[in-house]
Amino acid sequence: MTGILTLGWSGAAATDRNRSPLETISALAASALLVISTAGTIMEQSALSNDPARAERKTSDGGASTLPTKETMIGAFTGVPYTYPSPVTIGTEGSGTDFTIDPVHWYTDPFHNPIYYGVRVARWLTGGKVGGMIDFIHSKAMAELDQEANFSGQIDDQPLPERSRIRDVVKKMEFSHGHNMLLFTGLLRLPSIGAHLSPYVGAGAGALLPHTELALTKGQHPRTYEYNFAGPAGQALAGIEIRLARMSIFIEYKFTYGKYEAPLSEKNGSWLGSDLWRQFSRWLNDEPPPGGHVTTEIVSHQVIGGLAVRFAPTTP
């Protein structure tokens, strides 16, 4: 239980990951968006103090109210995930390379490049009580290679020891650019708390679009380093929105689940579009990936905070 309550980024060792310019730019862009949004909030509040007429409407006691209504929200966020350990199976069943590692401990390292970030677009329907959201989450899941684990199976027809350091068998195993989830989520607002606090809950499902990096210490298999579609993902969430005049601060808890069956193409990819097209072409031609698959489940608790801009219909 204490492991579940412990955030999983502390103590993570520095690694020698290769970074592409696109990944660095995306991380910087996410950080810049948060800074710009924060600056916008400060300027907005300053403007409101000089122009009280901008308040959306008044409560019965004369205070400014921004209670929910029909509107569109565009936001960005960052946060901290904790990911449970899980067994991992690598290779092709019945082939010369097919083995399981149990368990693999994952660390998330959310504040090192590429950072943890997310973006979303939400639409609340008339009355502001129900809505829908597209949520993109860029998290990470990287194997702690110096941990010992149980092994079963073989690589190139050579049996593996029953127990070993993961690094002695696998020299790289991570979804660090990242453990990406694209999720379509239904939202429900709970009764507001005063004029500015609006709690909500939601649940949704979507797709895993990770950047898979796997390289074996043993055997003669080239590494896989590419984006791919790896399976379904889902989330349940609960949050509270602090509503300002035209912007909102939100704090949220997420429980996310990803069922991985990531193809091992044994190729170096380039960018998301071309990597997915290559994967789709293999599927059309009924070509199995040369290295089989890496199969696991990534289950995480995530606590996030972010800023959103609201767009509501103009009231005459």
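The values are calculated or read from the model by the stated rules, or taken from the named source; none is laboratory data. These numbers come from a predicted model, not from an experiment. Cβ sites come from the backbone with ideal geometry, for glycine too, and all protein chains shown count toward neighbours. Calculation scope for accessible area: heavy atoms of the full protein, side chains included, ligands and nucleic acids excluded. Shrake-Rupley method; radii C 1.70, N 1.55, O 1.52, S 1.80 Å.
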*Positive-pole candidate from 303, 177, 211, dipole of region 171-316, charges at beta carbon*: 303
*Rg in Å to one decimal, and Dmax rounded to a whole Å, for region 157-266 via C-alpha atoms*: 20.5, 67
_HN-Hα J in Hz across region 193-210 - Karplus 6.51, -1.76, 1.60, θ = phi - 60°, x for Gly and Pro_ = 10, x, 8, 10, 10, 10, x, 7, 9, x, 8, x, 9, x, 10, 8, 10, x
*Heavy-atom accessible area per residue - region 66-123, 1.4 Å, Å²*: 35 Å²
*Run the accessible area of region 152-236 with a 1.4 Å probe and give the carbon-and-sulfur part as a rounded percent.*
61 percent
_Could you give each residue of region 270-276 its phi-based ³J(HN,Hα) in whole Hz, using Karplus coefficients 6.51, -1.76, 1.60 with θ = phi - 60°, and x for Gly or Pro?_
10, 9, 3, x, 5, 5, 5
*Is there a pair in 171/259; 70/254; 140/259 whose C-alpha atoms are over 18 Å apart, and which pairs would that be?*
171/259; 70/254
*Separation of region 258-309 and region 157-175 by C-alpha centroid, Å?*
21 Å
*May I ask for the distance between the Cα centers of region 90-137 and region 222-238, given as a whole number of Å?*
6 Å
